[in-house]
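The values are calculated or read from the model by the stated rules, or taken from the named source; none is laboratory data. Quantities reported herein were computed from a predicted structural model and do not represent experimental measurements. So basically every Cβ, Gly included, is an ideal-geometry build from the backbone, and we count neighbours across all protein chains shown. Keep in mind that these areas ignore ligands, DNA and RNA; they rest on the heavy atoms of the full protein, side chains included. Shrake-Rupley method; radii C 1.70, N 1.55, O 1.52, S 1.80 Å.
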Amino acid sequence: MCGIVGYVGDKQAADFLTEGLSKLEYRGYDSAGIAVYDGEKIRVEKCVGRLAALRDKIKDDVPQGTIGIGHTRWATHGRPSDVNAHPHTDCSGDFVVVHNGIIENYLTLKEELIEKGHAFKSETDTEVVAHLLEEVYNGDFEESVREVLRRIEGSYSLVFMCRQHPDELICTKQDNPLVIGLGDGENFIASDIPAIISRTRRTYILNDGEMAVVKKDSIVITNRKGELVTKKVFEVNWNAEAAEKGGFEHFMLKEIHEQPKAVRDTMSQRVAKDGKSIVMDELKWTADYLNDFNKIYIVACGTAYHAGLVGKYYIEKLARIPVEVDIASEFRYRDPIIDEKTMLIVVSQSGETSDTLAALKESKRRGAKTLALTNVVGSSIAREADQVLYTWAGPEIAVASTKAYTTQLILFFMLSLYMAEILGTLPKERIAELVAELQKVPAQISETLSDVEPIKTFAKQYGFNEDVFYIGRSLDYDVALEGALKLKEISYIHAEAYAAGELKHGTLALIVEGVPVIALATQKSVYEKTLSNIKEVKARDAVVIGIAAEGDDELEKYVDHVMKVPETDELLIPILAVVPLQLLAYYAAITRGCDVDKPRNLAKSVTVE
Ligand code: AGP
């Protein structure tokens with residue numbers, strides 16, 4: 001998720017570009033850059049680091065000109081660096097582009113362009129777009145951009161500059177946001193409203209496939225076929241702070257609702273073209289490589305640890321390799337048995353958690369092969385691990401992790417399928433079946449998010465309790481742990497997750513009349529057993545909110561309320577079942593007037609022991 005800006009008018013472009021980017025740093029901040037046409041050429045200034053580093057770089061020699069584009073990056077392809085920062089140019093510097101999204105066929109295009117003599121400078125997918133425009137340019141800027149769009153695949157917001165057309169910007173979008181701000185004798189482009197709200201509140205919101213040719217005194221919008229599109233002006237009535245959250249009240253709620261896209265992006269490029277298997281070009285594992293291991297450890301903290309528990313289930317179920325999951329702060333001090341036949345998988349949204357990083361370094365020292373699942377390109381953990389798989393969830397700002405968790409689960413699921421195919425532990429038909437189910441998950445999350453009213457009601461009704469229990473078996477228990485953590489960390493309610501079958505060994509003593517119990521019963525393989533545990537707590541007059549799969553009409557006979565999630569393979573249901581629990585925690589915190597995005601005592605990334 002990156003921040004994009006563009007300006008064309010009579011004022012100095014660099015002023016708006018840097019100001020606009022400062023309002024978009026929540027969309028990404030590992031590097032930044034601007035490009036301005038100075039009357040002769042397009043001057044590009046960019047560098048790694050926050051926007052402040054760019055401002056410092058240009059402060060004594062600000063690019064002069066009244067048309068330009070800018071970008072603040074959240075790296076997906078290519079580590080954060082000066083050369084990987086946007087804007088990107090072609091060989092001549094006449095074509096310049098900024099991009100938010102993922103060009104899925106960039107490697108193929110890059111090979112073709114290199115064969116035609118193009119010299120690449122960066123590791124990014126975006127630079128391919130600049131060279132492709134150079135390759136197809138026929139004197140008609142707009143038509144040439146259309147040709148580029150016909151050849152690229154993936155998700156994008158793009159803004160183009162061309163030295164031969166110094167009075168116009170061309171922008172377009174597919175599955176990523178892009179707005180045009182309407183000024184007086186000037187116009188603005190941005191990936192998000194916060195960047196332009198201080199200059200104008202009158203905007204055009206571009207739809208997928210639409211392209212705009214933006215000059216200082218005209219905006220011409222067409223669709224994929226080149227037909228003119230008439231746009232209604234969208235008057236922005238948000239305040240600046242609300243705009244950063246895309247109109248949501250908190251970053252946490254925005255990030256919960258970003259999960260369909262985050263999961264879709266994390267899956268993109270990893271499902272084979274025929275849709276029947278998983279590809280992981282980053283790993284290139286073989287059966288010999290995998291058969292060399294006699295143990296896999298998954299090590300992490302907090303939510304990432306909970307994702308690791310689900311990852312264990314997936315790898316053992318699908319790839320049949322023994323897995324042990326450990327909390328990083330415990331693992332590193334218990335003298336674990338590690339040698340060159342050990343694989344260590346670390347999971348970390350931030351890639352900076354000190355306990356996890358320390359466990360990674362200790363395991364490497366003892367000879368383990370290491371793999372990191374992380375959301376931050378170029379993070380300490382990403383750089384320390386032998387291999388890395390990225391979740392492409394975009395920056396997660398709220399302290400409570402949501403979209404990182406669901407993208408970690410989907411990544412573990414894909415990794416397990418990838419391993420199963422290499423090892424032959426699953427028939428190809430079963431792999432294809434699961435890959436097909438996997439691709440329905442983003443829409444199923446959207447469906448789960450489409451009706452939050454019942455959850456708001458539960459949160460209001462039970463939000464003032466001091467004790468809540470989450471119970472489940474198998475994968476439901478793993479999700480119960482994550483649900484309890486969400487409630488604890490943002491609403492400050494004491495919440496405890498318990499293996500449903502374990503209640504009778506002590507905790508049942510705490511279940512008395514009116515105690516809320518969230519019971520997850522989505523796993524068919526243990527459903528009857530879970531039902532009997534639910535009856536146990538109901539017999540003690542607990543108030544039970546059940547989480548069930550769509551087709552289950554049985555559970556509601558035994559509980560006080562039911563929240564249902566779409567039917568899918570029980571292996572994938574955890575990715576859906578966690579969503580109502582995230583929302584329950586969110587609305588309970590709201591009910592109690594808690595600071596949802598910045599809960600007391602907590603930090604987004606725990607970089608101390
Ligand atoms: C989860 O909501 C918390 N913010 C916390 O438990 C977090 O998951 C943990 O600190 C691990 O962070 P990481 O994924 O960045 O390593």
Residue, surrounded by the most Cβ atoms within 10 Å (Cβ to Cβ), within the range 453-468, restricted to residues that are out of contact with any strand residue (DSSP E or B) (no Cβ under 9 Å at 6 or more places or on another chain) and part of a helix (DSSP H, G or I)
459
Exactly one of 60, 38 is modelled with pLDDT of 95 or more, open to solvent by 40 Å² or more (accessible area, probe 1.4 Å) and either closer than 20 Å to residue 214 by Cβ or of a type in the set (Val, Ile, Thr) (or both), and that one is 38
Filter result (within 25 Å of residue 313 (Cβ to Cβ) and within 14 Å of the ligand (Cβ to nearest atom)) within the range 339-356:
345, 346, 347, 348, 349, 350, 351, 353, 355, 356
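Is one or more of the residues making up the range 20-43 among the hydroxyl-bearing types (Ser, Thr, Tyr), in contact with a Pro (Cβ under 6 Å, 6 or more places away or on another chain) and in contact (Cβ under 8 Å) with a residue 60 or more places away in the chain?
Yes, there is a match, as at least one residue in the range 20-43 is among the hydroxyl-bearing types (Ser, Thr, Tyr), in contact with a Pro (Cβ under 6 Å, 6 or more places away or on another chain) and in contact (Cβ under 8 Å) with a residue 60 or more places away in the chain.
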Mind checking which residues of the range 366-394 are part of a loop (DSSP other than H, G, I, E, B) and more than 12 Å from the ligand (Cβ to nearest atom)?
366, 367, 368, 377, 378, 385, 386, 392, 394
Strands (runs of 3 or more DSSP E) completely within the range 1-64 that count 1 or more residues being of a type in the set (Phe, Trp, Tyr) and under 19 Å from residue 164 (Cα atoms)
3-8, 31-37
Sole miss for residue 254 among (1) within 16 Å of the ligand (Cβ to nearest atom); (2) open to solvent by 10 Å² or more (accessible area, probe 1.4 Å); (3) touching a helix residue (DSSP H, G or I) at 6+ places or on another chain (Cβ under 8 Å) is condition (3)
Kindly check whether there is at least one residue in the range 86-102 that is closer than 27 Å to residue 29 by Cβ, of a type in the set (Gly, Ala, Ser) and in contact with an Asp or Glu (Cβ under 6 Å, 6 or more places away or on another chain).
no
Please specify each residue of the range 193-222 satisfying the condition of being in contact with a Gly (Cβ under 7 Å, 6 or more places away or on another chain), open to solvent by less than 40 Å² (accessible area, probe 1.4 Å) and not aliphatic (A, V, I, L, M).
200, 203
